[in-house]
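Asker: Structure below; questions to follow.
Coordinate-derived values only; no laboratory data. Note that the structure is a prediction, hence the values are computed from the model and not measured. Quick reminder, even Gly has a Cβ in these numbers, built from the backbone with ideal geometry, and neighbours come from all protein chains shown.
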Amino acid sequence: MDRHKQQIKRDRQDLKRRAVNAQNKSKMRTLIKKVMKDSDSTSVQETYTDAISFIDKMASKNLIHKNNAARKKSKLTIHVNSLSSNKAPKKAVKEEE
């Protein structure tokens, strides 16, 4: 069966795109792991912003679905907020009579 030039070119492009997409997905997973692993609320902010930005980029390029991106960002935000709330002093509760 003959293969047309366009089909050969399309296969070549698909291989390149697949490689780039695999790198980007791997980078996204690594950034998420870095944020989730970090337990210091001050140092986590920089990695958190990088991860959120990269997740948004991947969603805009349709590498992941927008709801998947929202779920990942929510998970990271909950983790970062829990770190900052642990460091904050607890407010005294007044008893009412």
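Asker: Can you name every residue in region 41-60 that is over 17 Å from I78 (Cβ atoms) and under 10 Å from the mean Cα position of the chain (by Cα)?
Answerer: Step one: of region 41-60, the residues over 17 Å from I78 (Cβ atoms) are 42-43, 46, 50, 53-54, 56-60.
D50, S53, F54, D56, K57, M58, A59, listed by residue number.
Asker: Sticking with this structure for a sec: Tally the residues that are part of a loop (DSSP other than H, G, I, E, B) and surrounded by fewer than 13 Cβ atoms within 10 Å (Cβ to Cβ), restricting the search to region 58-76. Spell out the reasoning first.
Answerer: Residues of region 58-76 part of a loop (DSSP other than H, G, I, E, B): 61-65.
Filter again for surrounded by fewer than 13 Cβ atoms within 10 Å (Cβ to Cβ), leaving 61-62, 65.
Adding up the residues that qualify gives 3.
Asker: Can you spot a residue in region 17-40 that is over 10 Å from the mean Cα position of the chain (by Cα), in a loop (DSSP other than H, G, I, E, B) and surrounded by 10 or more Cβ atoms within 10 Å (Cβ to Cβ)?
Answerer: yes
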